[in-house]
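**Q** The structure that follows is given in the form of structure tokens.
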Amino acid sequence: MKPRRILIPAVMISCLYALQTQAEETPPVVETYTCNYANGKDSKDLEGAISYWNEKMDEMNDENLNRYSAWLITPIHSSLTGDFYWLGASPNFSTWAKGNAAYASNKAGQDADARFQKMSSCTSAAWMSEAVHVGSPPEEGDTGSILEAFGCSLHPGKTMSNVRAAEANFVNHAKAAGMEMNIFRFMPMYTNGQVDLLYFIGHDDVDALAANANKGWNSRDVRTANIFFDMVMDCGGGLYNAEMIRQGASTE
């Protein structure tokens, strides 16, 4: 994969990895919202809307909504045009669908949405998450706050078989080069069709990101694996701050 890697906070890695291990269920469902501020609105209005949303989530106290985790994503450098992004994860499709139904039918959820609608306009999508590689499991006390995410479009004639082969090739050479990272792929469920796949690649911290970049650059095999990946799809993205808004209840 190209140097447009995705650095996820350790707590996000932990949540996504934990959600990935639920038996006899679909993979985790991840919602993404791309948002722009309304005229005259800014981060203070967003902060107020998020606080209000958390209050309403507590008020609803729905068993499925209580398993929902959310992050606020704000751009540092990005090819995308959103002022901010929302990422929310449910452990499986059933929990996600039931939680959405409960939220939409409850006045508390409607009021929370109305608060967001006053200060922003958003487009949404839903994806299923798959762990491609977990090479650096998070440790207790880990903190991270940088996210680099990118969307990818398959070249004509390429399929998921090509994608998985390119992923496996990259992972094998990255491991041989001593690169420690966590790779997640999001596959479209309900999206606008602008990209075929989303990727997150997580590192423990900025120092680990730099170390992995150096190891990858100095490995001919990793550089070649990047070229093979580019033969399958074209990707673009950016660097972001990520802040956890709400941590879902444990499913254990």
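The values are calculated or read from the model by the stated rules, or taken from the named source; none is laboratory data. It should be emphasised that the depicted structure is a prediction, and the values quoted were computed from it without experimental measurement. Positions of Cβ are generated from backbone atoms using ideal geometry, with glycine treated the same way; all protein chains shown enter the neighbour counts.
**Q** If you go through segment 150-160 one residue at a time, do you hit one that is surrounded by 19 or more Cβ atoms within 10 Å (Cβ to Cβ) and within 21 Å of residue 72 (Cα to Cα)?
**A** yes
**Q** Across segment 65-103, what is the total count of residues that are surrounded by fewer than 20 Cβ atoms within 10 Å (Cβ to Cβ) and within 11 Å of residue 248 (Cβ to Cβ)?
**A** 1
**Q** Can you spot a residue in segment 39-60 that is touching an Asp or Glu at 6+ places or on another chain (Cβ under 7 Å), of a type outside the set (Asp, Glu) and either modelled with pLDDT under 95 or under 14 Å from residue 90 (Cα atoms) (or both)?
**A** no
**Q** Here is a further query. Please list, ordered by first then second residue, the pairs with beta carbon atoms under 6 Å, 6 or more apart or interchain, first in segment 23-40 and aromatic (Phe, Trp, Tyr), second in a loop (DSSP other than H, G, I, E, B) and modelled with pLDDT of 90 or more.
**A** Cβ pairs passing all conditions: 37/83.
**Q** Do you know which of the residues in segment 168-210 that are touching a residue at least 60 places away in the same chain (Cβ under 8 Å) and of a type in the set (D, E, K, R) is surrounded by the most Cβ atoms within 10 Å (Cβ to Cβ)?
**A** Checking each candidate, the answer is 204.
**Q** Which of the strands (runs of 3 or more DSSP E) contained wholly in segment 69-136 include at least 1 residues that are modelled with pLDDT of 95 or more? Step through it out loud before you land on a result.
**A** Numbers: elements: 69-78, 84-90, 120-134.
Those strands (runs of 3 or more DSSP E) span 120-134.
**Q** Then there is this: Residues of segment 20-54 being in contact with a helix residue (DSSP H, G or I) (Cβ under 8 Å, 6 or more places away or on another chain), closer than 20 Å to residue 247 by Cβ and not in a strand (DSSP E or B), which ones?
**A** Correct list: 25, 27, 28, 46, 49, 52, 53.
**Q** Hey, another quick one. Failed condition for residue 188, given (1) modelled with pLDDT of 80 or more; (2) in contact with a helix residue (DSSP H, G or I) (Cβ under 7 Å, 6 or more places away or on another chain), with all others met?
**A** (2)
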